[in-house]
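The values are calculated or read from the model by the stated rules, or taken from the named source; none is laboratory data. None of these values were measured; they are calculated from a predicted model. Reconstructed Cβ throughout: ideal geometry from the backbone, glycine too, with neighbour counts over all protein chains shown.
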Amino acid sequence: MKNSRINIFGFLFLTIALIGCTQKDAISQDAPVKEVLTKEKQDALTPQAVLDGLKAGNERFVNNNLTPRDWQAQVAATAGGQFPEAVIISCLDSRVPVEQVFDKGVGDVFVGRIAGNNVNTDMLGSIEFGTAVAGSKVVIIMGHESCGAVKSAIDDVQVGNITALLSNIKPAIEMSDDFDGEQSNANSDYVTHVVENNVRFTIEEMRKNSPMIAELEKNGDILIAGAFYDLDTGKVTFLD
C-alpha cells in the first residue's frame, strides 16, 4: 500500500512537471514583439493594407488574443522618433481603449480623443500633422454604442462648456429625422443611428474644413473611414 502511494505521488509530480514544461515552451515560442514601425516600414504600407491590419487587430481583440509585446523595448525603440500608420479619432469614453481595440503597440497609431469624436480646428491640425507631416496612411473617426455625448445632445443638455461641445453633434440629430421609430434616448437603435450619422457628418466636415486632408485622400495617399465600436462585444464595424 505504501509503495502504491509513493508511485501515485510520483506520477502526479511527473505529470505536473511535464505540464509546466509544456506551458513554458509554449510561452517561449510566442515571444513578445519588440519591433516598432520605422520610416521604411511606414513607407512600404498602403492605406488599404493599414486598414486591413486594423480590422485584423480588432478581431484579435474580440477573441482575447492580443499580440504579446515587450513594452519597455518598444518604448526605448520609439524614443528617437515615431512613424505611426494611422490616426484614430475616438470619443473620450474610458470604455473604448483605442490601442488595445486594434491590437497596436507603442508608436503604431496616433489617437485623438474628444467627447462625441468631433473635429474642431485643433483636432484638424492634429490630423494634418499625423498624415501630411508624420506619414500616417489612414484616418478613422470612431463613434461608439450608447455614447453619453450623443445622448446629452439628444436631450439638449445645457451646462457649462459642455453646451458648446454638444452643439457639434446637433447636425447629426437633424440628419436622423428620417429614423422610423421613437426618437429618444430610450430607443438604443435611435441613439446608434445618431452616433453613426455623427461619424459621417464629422468626416464630411473634416474634408470640407481641411483642404490638405481632402487632397491627400483625393490623391490616394490616405484612406478615411468611419467606424462604430460595440461596448458589449468590443467589435468595430466600419461604416459605408
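Do we find that residue 173 is in contact (Cβ under 8 Å) with a residue 12 or more places away in the chain, assigned by TED's automatic domain parsing to the domain that holds residue 138 and within 18 Å of residue 88 (Cβ to Cβ) in this structure? Before the answer, list the steps.
Working: in contact (Cβ under 8 Å) with a residue 12 or more places away in the chain: yes; assigned by TED's automatic domain parsing to the domain that holds residue 138: yes; within 18 Å of residue 88 (Cβ to Cβ): no.
Against the criterion (in contact (Cβ under 8 Å) with a residue 12 or more places away in the chain, assigned by TED's automatic domain parsing to the domain that holds residue 138 and within 18 Å of residue 88 (Cβ to Cβ)), residue 173 does not qualify.
Just to be sure I understand the filter: pairs with C-beta atoms under 7 Å, separated by 6 or more residues or on different chains, first member in segment 176-187 and within 10 Å of residue 154 (Cβ to Cβ) and not assigned by TED's automatic domain parsing to the domain that holds residue 146, second member modelled with pLDDT of 95 or more and of a type in the set (Val, Ile, Thr). Which pairs pass?
none
Sort through 26, 17, 31, 56 and tell me the only one that's of a type outside the set (Val, Ile, Thr) and modelled with pLDDT of 95 or more. I'd like the intermediate steps shown before the answer.
Numbers: 26 fails: modelled with pLDDT of 95 or more; 17 fails: modelled with pLDDT of 95 or more; 31 fails: modelled with pLDDT of 95 or more.
Within the list 26, 17, 31, 56, the selection yields 56.
May I ask you to say which residue of 174, 182, 196 is farther than 28 Å from residue 97 by Cβ and assigned to a helix (DSSP H, G or I)? Write out each step before concluding.
Values: 182 fails: assigned to a helix (DSSP H, G or I); 196 fails: farther than 28 Å from residue 97 by Cβ.
Going through 174, 182, 196 in turn, just one is farther than 28 Å from residue 97 by Cβ and assigned to a helix (DSSP H, G or I): 174.
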